[in-house]
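Report on the following structure.
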Amino acid sequence: MINIKKILVSSAFTISAMAFGQGTFASSNYPQSYENQNSNKDVVSADKLLSAKELVDIKLNSMMNDPVLRNANWGFVVYDPKTMKVISSYNENTSLVPASTTKLLTTETAMNLLGEQFRWITQLEYSGSINEDGVLDGNLYIVGSGDPSLGTNKGGAYTYREIVSDFISAISKKGINKVNGDIIIQTAVFKANKTQTLPENVVWLENGNYYLPVGTTYEINPENEKLIAKKGNPFSANKNFYYISPYIGQMVYADKFEGKYLTTKLPDAPAYLANSLRATLLKSAIPVTGKVVTKMTDIEPEKREVITNYQSPTLAEIVFYTNQHSDNALAEATLRMVGFQKFGDQTLESGRKAVMDHLQKVAFETQGLNYYDGSGLSRSNVVTPISQVKFLSHLMNEKYYRTFFNSLPIGGQTGTLKKTFSNVGNGQIFAKTGTLNKVKTLAGYMKTNSGKTLVFSLLINNYAGSVDQVKSRMEQILEPALSL
């Protein structure tokens with residue numbers, strides 16, 4: 001914890017001595033510009049005599065009374081991974097909402113348990129036999145594995161058109177020119193079409209046309225989810241609550257919630273891919289007599305042979321896209337795959353258990369942690385700044401550290417940090433961002449001016465003012481740390 005009193009007393013003596021020695025006592029008879037000019041010289045001279053750590057601590061102290069942060073709940077730690085010591089901190093053990101810095105835990109766990117080269121595989125298979133005329137007397141099967149990037153172009157994933165083109169090419173090479181059967185969708189991961197309740201306090205009312213993780217708000221009480229609108233209803237003297245559909249992006253003012261629950265589907269079976277395949281086969285003069293059928297489970301499966309398969313980008317590429325773009329859908333699907341690989345179950349609960357087991361294995365300080373979802377959308381997630389920096393420091397010893405490090409946005413250059421740290425810190429901050437209403441967070445690594453790598457966590461909740469104002473304060477807090 002910073003010793004502000006000691007630093008300020010020492011600084012006061014330093015500045016007083018300088019002023020006495022140089023004869024710079026200001027008088028109210030001097031012009032204002034003259035007083036400011038001399039005052040600035042003193043500050044610059046004092047800065048030269050203060051250590052980088054003292055400057056960091058002084059900046060933290062000044063931020064405690066800043067209008068944007070004065071009434072906020074916030075914490076900060078800058079940590080040296082070599083000495084394993086805290087350099088400077090404020091509220092380091094306070095549990096705070098981490099927003100999308102939660103993805104650090106999700107993506108790192110996935111890389112640890114699945115490996116950098118892990119891929120989701122979608123197979124095209126057939127049952128029955130192919131006669132000499134090229135007629136398949138049997139069914140085509142599309143067997144999915146819950147690939148969250150399927151058809152999206154994310155991380156280098158193929159579009160549906162590209163996948164269908166490859167599938168049709170493989171069907172032709174197999175000598176099939178007619179399918180006398182159905183196209184059956186099946187998945188090895190999602191054995192049942194379960195719809196799960198979204199985490200409590202998920203910000204489904206906060207982000208217009210922003211996508212949700214999978215699940216439903218059916219059992220969530222809207223009274224616990226309401227948020228005060230930034231701008232009041234001009235036709236009402238009282239503050240009202242607003243509710244936004246994540247899809248239509250329309251705001252509605254109300255004294256109580258009268259809308260319906262929202263549901264998003266699991267990425268269980270690639271139905272769109274199957275229907276696109278059937279339609280394109282027909283256009284390519286390869287008749288399909290049957291229809292698209294979904295089979296989540298098959299008690300007596302037909303004997304089948306593989307025609308071809310489509311492989312997703314590697315997990316390393318998926319993690320890169322997830323962290324650069326803060327993609328909630330990819331993070332949530334990755335969490336479920338971790339749960340499936342560890343426990344054979346794709347539920348949110350299995351994913352959470354897999355992550356928590358991993359964190360305990362790597363000695364993560366779970367006191368003060370509540371890991372509630374994979375993306376950080378839920379306000380029920382909390383973490384302490386000190387646990388984040390120790391986790392990121394431990395990660396530096398893992399064989400996949402360089403891949404993980406490269407997935408983080410770079411200040412002033414890439415991803416969600418492209419428009420932050422444009423001047424000071426440009427190319428020196430490598431971190432995951434997090435943003436919710438009145439929550440702004442940043443956690444990762446910094447390359448100091450002397451070439452050292454330090455780890456930091458800066459979590460700010462319930463700040464005043466705008467997002468741009470709090471981002472400016474975050475830059476000011478980190479700026480002196482670059483000289484450590």
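No value in this document is a laboratory result; all are computed from the given coordinates. Since we're looking at a predicted model, the values are computed, not measured. Heads up, the Cβs are rebuilt from the backbone with ideal geometry, glycines too, and the neighbour counts pull from every protein chain shown.
See the values below:
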read-out: Projected label distance in nm at ASP80 and VAL362, using a 7 Å step from Cα toward the beta-carbon; value: 2.4
read-out: Listed peptides 352-360, 474-482, 124-132 by packing density, highest first (mean Cβ within 10 Å); value: 474-482, 352-360, 124-132
read-out: Residue-span extension gain [ARG161 to ASN61] - 0.36 nm each, minus C-alpha spacing; value: 30.3 nm
read-out: Check: the range 276-344 dipole with +1 on Lys, Arg Cβ and -1 on Asp, Glu Cβ, in debye; value: 240
read-out: Gained length - GLU116 relative to SER472, 0.36 nm times residue gap less alpha-carbon distance; value: 124.6 nm
read-out: Mean Cβ neighbour count within 10 Å, used as a protection proxy, ranking 403-411, 49-57 highest first; value: 403-411, 49-57
read-out: Cross-link table LYS154/LYS291; LYS361/LYS438; LYS103/LYS173; LYS53/LYS432; LYS103/LYS295; LYS353/LYS452, entries beyond 31 Å C-alpha to C-alpha; value: LYS361/LYS438; LYS103/LYS173; LYS103/LYS295; LYS353/LYS452
read-out: Inter-label distance, nm, simple model (7 Å from Cα along the C-beta direction), ALA170/THR453; value: 3.9
read-out: More than 12 Å apart - percent of Cα-Cα pairs taken over the range 286-344; value: 81
read-out: Among 418-425, 367-374, the order from most to least packed when residues are scored by Cβ within 10 Å on average; value: 367-374, 418-425
